[in-house]
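The values are calculated or read from the model by the stated rules, or taken from the named source; none is laboratory data. Since the structure is predicted, the reported quantities are computational estimates derived from the model, not experimental observations. Counting neighbours? That spans all protein chains shown, and the Cβs are built from the backbone with ideal geometry, glycine included. These area figures cover heavy atoms from the full protein model, side chains too; ligands, DNA and RNA do not enter into them. Shrake-Rupley method; radii C 1.70, N 1.55, O 1.52, S 1.80 Å.
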Amino acid sequence: MPRFVIAIVFALLGLLVLVAPWPGIILSAGEREIRILAKQYAYTPGVIRVTRGDRVTLVLEAEDVTHGLYLDGYDVDLVAVPGRASRATFVADRPGKFRLRCSKVCGTLHPFMLGELVVTPNSPFWRVIGVTILAAIGTVAFLRAGRREVTEEAPA
Ligand code: CUA
């Protein structure tokens, strides 16, 4: 394969790794403040998405009666009285799906008051790794192709 074809193929692959949209992934890790409204018998939003490494502050507000929020796996427990929000900050250092459940008896359907925290892997990190690996393979392929061209051109 000629060198310029290899260069183009790897440049395109690198671009794909860098800009292709990955489903459900938020690109920047950082500070996140998420307001959660609790009302018999649901949280709004019901699903919270953050990126691994984010410093997450949950602000729980109760609209009707006192509700709680216990976050499995992160050991966060909040209780909000109507009119008085409560907050907790933690670093989302474990990827995966974590159940939220109401930790204060708030009515007949209290056991079914659930939500979910989704911690997605830090995608910029994996993109950088992907591009690095591609660049390494591309360089080897490029150099090998060059060597072959030189040998083929050499007089017999
Ligand atoms: Cu809301 Cu129990």
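To the nearest µm²/s, what D does Stokes-Einstein give for the stretch 82-126 at 25 °C and 0.890 mPa s, using the Kirkwood radius over alpha carbon pairs as Rh?
Taking Rh from Cα pairs, D becomes 184 µm²/s.
Order the following by accessible area, largest value first: Arg84, Arg127, Arg99. Probe radius 1.4 Å; ligands, DNA and RNA are ignored.
Per-residue accessible area, sorted high to low, gives Arg84, Arg99, Arg127.
I'd like the Karplus ³J(HN,Hα) series for the stretch 47-60: coefficients 6.51, -1.76, 1.60, θ = phi - 60°, whole numbers in Hz, and an x wherever there's a Gly or Pro.
10, 10, 10, 9, 9, 4, x, 5, 8, 9, 10, 9, 10, 9
I need the calculated FRET efficiency for the pair Arg35 and Val91, taking r as the beta carbon distance and R₀ as 22 Å, to the nearest 0.05.
For Arg35 and Val91, the calculated efficiency is 0.70.
Would you mind putting 133-143, 31-41 in packing order, based on average other-beta-carbon counts within 10 Å, highest first?
Most protected by this proxy first, the peptides run 31-41, 133-143.
Once the Cα atoms of helix 3-19 and of the chain are each reduced to a long axis, what angle between those two axes, in degrees from 0 to 90 to the nearest 10, is obtained?
0 degrees
For Arg52, which sequence-distant residues (separation of 5 or more, or a different chain) have an amide H within less than 5 Å of its own amide H, given hydrogens modelled in the peptide plane?
Thr120, Asn122
Volume per residue, Å³, of the convex hull around the alpha-carbon atoms of the chain?
Measuring per residue, one finds 106 Å³ for the Cα hull of the chain.
In whole Hz, with x marking every Gly and Pro, tabulate ³J(HN,Hα) for the stretch 134-142 from phi via Karplus 6.51 cos²θ - 1.76 cosθ + 1.60, θ = phi - 60°.
Per-residue couplings from phi come out as 4, 4, 5, 5, x, 4, 4, 4, 4 Hz.
Which residues' amide hydrogens lie under 5 Å from the amide hydrogen of Ala85, considering only partners 5 or more residues apart or on another chain, with H built in the peptide plane?
none
Given the -39500 (n - 2.57) contribution per DSSP H run of 4+ residues, what per-residue ellipticity at 222 nm results for the chain, rounded to the nearest 500 deg cm²/dmol?
-11000 deg cm²/dmol
Report, to one decimal in Å, the Kirkwood hydrodynamic radius for the stretch 32-106 based on all distinct Cα pairs.
12.3 Å
Taking amide H positions as placed 1.01 Å from N in the peptide plane, with prolines and chain starts having none, which residues 5 or more places from Cys106, or on another chain, fall under 5 Å of its amide H?
none
Per residue of the stretch 109-126, what does 6.51 cos²θ - 1.76 cosθ + 1.60 with θ = phi - 60° give for ³J(HN,Hα)? Whole Hz please, x for Gly and Pro, Karplus curve as stated.
9, 3, x, 9, 8, 10, x, 8, 10, 10, 9, 8, x, 6, 5, x, 4, 5
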